[in-house]
């Protein structure tokens, strides 16, 4: 026997754990004579995770220099987040065969969700989330060996009412759930793991194996695992290798760590495990091959920085010895504080890219922040680097599952425009056609019926929208051959889509079994994704991501009977919730020297450059969180660890990674625009460094600057206001009176609309907009005035309301019209009849929606001015009254007088020149210009008169128009964007095309 027969070992923080483990065993498989005459192949090594198992195999190959090796038996021990336990089948014998299988996690979640819905009357989707939390609670209780039957002994009166309700539910569940599992032939996965581990421990205790057994890298956070470690440590040929035990911390501080309230300390887990092993720190030896008998300067620095709060007064005494090795401690340590998360990700990506320049050098980003990890992965793609990200890609965001989710949303939302287009424009959508042609047909449908207010629900509502659009175009004389062709194409598209989705629509009318909903969902998605030459299934489930999605769907179909019926309207959110948390981990195509690891995956791993990212409080460490099932007193009463236990584990991970030879710490001062607080470990480390006179620890701001400069142009380009100046023959030869106002306020809009021929698209799924509300009101009043041009009829209000009902009929299907705008119109109608009764005695005849035009003289080429007056009254004195209906804002008197709102004066000028003669109106002066503001609100209507008794205002505005048009006859006159921003609306239809936000940012709006 060797002089030192200790079986407990540790490796100091910063030691490449698996590399050192492999190198030592290759050098001496007997471990200094402890294992007798053992050879490498005799040894069994137990590690906490599958990733560590793979990494140790690779470490042996590297340490062996490529020579042929018979490796040890390397297996998984079963630690935090380890789902399966693989133990020696020969040793387990009947123990393993007697255990029922573990219930699949998805099936268990659905069973628990059904129980929550039944017991707490929760919404199904909310119940699904609660079931995931409840599953974690059950796992935690089983893992930590807590008898959940003790819930019955907690005193409900001590807690608030909602906790009493929760507690009662938990009592019922924990009493019923084990029996339900037994009836279904399952057992809890955590319980099965515990039994397997304890069975192995019992077997080795009774029959110690002759071959060496080494348990390495476990913190013993699972009690069953800690029991197994205790047995292995007692074996004649056993050894336990602990990761990062702090042998340098003073005895007083070590004693404090074992007390309540210190669970967030990085050594809390180690202290708890040693007590369980009936061992003291002095019983732990350094693993053979570690180069020093004490921790490195960096490790001592971190030990000091994170010492228990109860002994921080020792900092004064410890500063002097620490100062002697401060330079060595910070050699290779860098702290980078970026302005925001984008700069942080850019700096990290640049650091990783720089690593590749050194042959064989490796780098890893260690972070729990998945958003940061994805940002870094995206940044690396600028150099065509696909990084090996242990966190994977969210399965719900892959092409296949995204399409599945969009199909469900389209059906659930009754083919609402946004959901419909999101689904049909997806790359997988084809519905039996060529995908490019199919998307072209979808865009055609969009332009015809989906822009503007939402059509009525369902495919039938879309067909009604087609009919309404055709009728509107027929009434306005806008039917063209191209429109007829597009309409026929849209009808064919609707027939195709209806054919493919009809089974799903019919199946989703009421609640249905979950498995039936999933099956119809899959069948519909496959039909919609089929092309003319390829079945939908081969497209939907293709490639690695499709295979992963198909596995998820199969698992869901198998587990679905556990939940039972589900309201189909809830299915899309339910499906999304189930897909959350699933990840796709690509099997190949990743860079061999760059990695992104979560803190768990980083355990025992090594890279030449370690970057710890996202070091903000609430991110790393994460907040302790609120358990929806147990409050802190309940946890304490049950004997569960406090939530801070996770912070302690995270702190241990932080110390291990920061102890690397080259460690770079990063954080963002702002995240999503909000200031952040640096991680408690960052602050502790910075405080100690300041005390050591090392406050200037390398901050390396150049990395963030370089990352920022990657997208910086070589030369600064000052954005300029666009100044298009087309030739005269390309300029408009006609304007409407409303377009003249646009020409004055925003000439670029005229350029885009009339020269570039770019019409403005209405918003998708818009509420009934002001313009359309105005059109409906205008149409009703037009019909009324046309029906009764001279005298008001008896029961005038009833007549106007009857006309309004006819006009509103097609729009009543739209949500909001019947509820809001019809009541407003009724109020408008009452006000309008009162107005008519006071106004009609002075009127000979009224003309509604009167079209007119004149040719403007005095220009180099003819220019036509067109206008459509909402209403023109032929007054009894021979003059005209011109009225404009406004359902929105009304121009001020000043805006009209200075020519910024010239519509009414220009219509008056047209009337004075006989522009409305073809409609039966005489060439006459307008003595009355009036805006009728019709809102239907508390003040339903209002008359605003623009005084112009002699017609002087009309002539002055017309003369200004002629001068303006003469300016635009010069090819040197550009169509400027917003030349008078003070008198331009906040947002213009063409502002994005004119890049207003770019050139106006420098304050150069005006000219």
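For region 762-777, does any single residue satisfy the condition of being closer than 24 Å to residue 930 by Cβ and without any contact (Cβ under 8 Å) to a residue 40 or more places away in the chain?
yes
Identify the single condition in (1) outside any helix (DSSP H, G or I); (2) surrounded by fewer than 18 Cβ atoms within 10 Å (Cβ to Cβ) that residue 918 does not satisfy, given that it satisfies every other one.
The number of the failed condition is (1).
Do we find that residue 537 is free of Cβ contacts under 8 Å to residues at least 60 places away in the same chain and in contact with a helix residue (DSSP H, G or I) (Cβ under 7 Å, 6 or more places away or on another chain) in this structure?
Yes, satisfied.
So, in region 37-76, how many residues would count as being under 36 Å from the mean Cα position of the chain (by Cα), under 23 Å from residue 210 (Cα atoms) and touching a residue at least 60 places away in the same chain (Cβ under 8 Å)?
2
Do we find that residue 334 is in contact with a strand residue (DSSP E or B) (Cβ under 8 Å, 6 or more places away or on another chain) and at pLDDT 90 or above in this structure?
In short, yes.
Can you name every residue in region 501-512 that is surrounded by fewer than 22 Cβ atoms within 10 Å (Cβ to Cβ) and not in a loop (DSSP other than H, G, I, E, B)?
Of everything in region 501-512, those that are surrounded by fewer than 22 Cβ atoms within 10 Å (Cβ to Cβ) and not in a loop (DSSP other than H, G, I, E, B) turn out to be 502, 503, 505, 506, 507, 512.
Just checking, which of 950, 936, 888 is outside any helix (DSSP H, G or I) and surrounded by 14 or more Cβ atoms within 10 Å (Cβ to Cβ)?
936 is the lone residue from the list that is outside any helix (DSSP H, G or I) and surrounded by 14 or more Cβ atoms within 10 Å (Cβ to Cβ).
Does region 255-270 hold any residues that are surrounded by fewer than 21 Cβ atoms within 10 Å (Cβ to Cβ) and part of a helix (DSSP H, G or I), and which are they?
255, 256, listed by residue number.
Going by the conditions given, is residue 735 at pLDDT 95 or above, assigned to a helix (DSSP H, G or I) and more than 30 Å from residue 309 (Cβ to Cβ)?
no
Per-residue answers, yes or no, for (1) crowded, with 18+ Cβ neighbours inside 10 Å; (2) more than 23 Å from residue 783 (Cα to Cα); (3) modelled with pLDDT of 95 or more:
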residue	(1), (2), (3)
455	yes, yes, no
475	no, no, no
490	yes, yes, yes
493	yes, yes, yes
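When residue 482 is evaluated against the numbered criteria (1) in a helix (DSSP H, G or I); (2) within 30 Å of residue 123 (Cα to Cα), which criterion, by number, is the only one it fails?
(2)
Of 79, 88, which residue is modelled with pLDDT under 55 and under 17 Å from residue 220 (Cα atoms)?
Being modelled with pLDDT under 55 and under 17 Å from residue 220 (Cα atoms) holds for just one of 79, 88, which is 79.
I'd like to check something: does region 693-710 contain any residue that is out of contact with any strand residue (DSSP E or B) (no Cβ under 6 Å at 6 or more places or on another chain), in a helix (DSSP H, G or I), over 23 Å from residue 334 (Cβ atoms) and touching a residue at least 12 places away in the same chain (Cβ under 8 Å)?
Scanning region 693-710 turns up no residue that is out of contact with any strand residue (DSSP E or B) (no Cβ under 6 Å at 6 or more places or on another chain), in a helix (DSSP H, G or I), over 23 Å from residue 334 (Cβ atoms) and touching a residue at least 12 places away in the same chain (Cβ under 8 Å).
Please work out if residue 963 is at pLDDT below 90 and either surrounded by fewer than 17 Cβ atoms within 10 Å (Cβ to Cβ) or more than 18 Å from residue 856 (Cβ to Cβ) (or both).
In short, no.
Looking at this structure, is residue 416 within 20 Å of residue 586 (Cα to Cα), modelled with pLDDT under 95 and under 23 Å from the mean Cα position of the chain (by Cα)?
no
Can you confirm whether residue 859 is in the same structural domain as residue 801 (by TED's automatic domain parsing) and in contact with a strand residue (DSSP E or B) (Cβ under 9 Å, 6 or more places away or on another chain)?
Considered against the rule, which asks whether it is in the same structural domain as residue 801 (by TED's automatic domain parsing) and in contact with a strand residue (DSSP E or B) (Cβ under 9 Å, 6 or more places away or on another chain), residue 859 comes out as no.
Go over the candidates 960, 978, 986 one by one and state the one that is in a helix (DSSP H, G or I) and either within 28 Å of residue 730 (Cα to Cα) or out of contact with any strand residue (DSSP E or B) (no Cβ under 8 Å at 6 or more places or on another chain) (or both).
960
Of these, 223, 236, 208, 260, which one is without any contact (Cβ under 8 Å) to a residue 40 or more places away in the chain, farther than 30 Å from residue 321 by Cβ and under 41 Å from the mean Cα position of the chain (by Cα)?
Only one candidate passes the filter, namely 260.
If you take the residues of region 14-34 that are part of a loop (DSSP other than H, G, I, E, B) and touching a strand residue (DSSP E or B) at 6+ places or on another chain (Cβ under 8 Å), which of them is surrounded by the fewest Cβ atoms within 10 Å (Cβ to Cβ)?
34
Is it true that residue 800 is crowded, with 19+ Cβ neighbours inside 10 Å and in contact with a helix residue (DSSP H, G or I) (Cβ under 6 Å, 6 or more places away or on another chain)?
yes
If we keep just the residues of region 827-883 that are on the phi > 0 side of the Ramachandran plot and touching a helix residue (DSSP H, G or I) at 6+ places or on another chain (Cβ under 9 Å), which is surrounded by the most Cβ atoms within 10 Å (Cβ to Cβ)?
For region 827-883, the residue satisfying everything is 849.
Given the residues 318, 342, 353, which is the only one that is surrounded by fewer than 21 Cβ atoms within 10 Å (Cβ to Cβ), in a helix (DSSP H, G or I) and at pLDDT below 85?
318
Could you check region 625-637 and list, in sequence order, the residues that are surrounded by 15 or more Cβ atoms within 10 Å (Cβ to Cβ), modelled with pLDDT under 75 and over 18 Å from residue 132 (Cβ atoms)?
Within region 625-637, 631, 634, 637 meet the criteria.
Let me spell it out: the conditions are (1) outside any helix (DSSP H, G or I); (2) closer than 30 Å to residue 675 by Cα, and residue 361 meets all of them except one. Which number is the exception?
(2)
With the structure loaded, tell me whether residue 390 is touching a strand residue (DSSP E or B) at 6+ places or on another chain (Cβ under 6 Å) and either surrounded by fewer than 18 Cβ atoms within 10 Å (Cβ to Cβ) or in contact (Cβ under 8 Å) with a residue 60 or more places away in the chain (or both) or whether it fails that test.
yes
The values are calculated or read from the model by the stated rules, or taken from the named source; none is laboratory data. Computed from a predicted structure; not experimentally measured. As a convention, Cβ positions derive from the backbone with ideal geometry for all residues, glycine included, and neighbour counts pool all protein chains shown.
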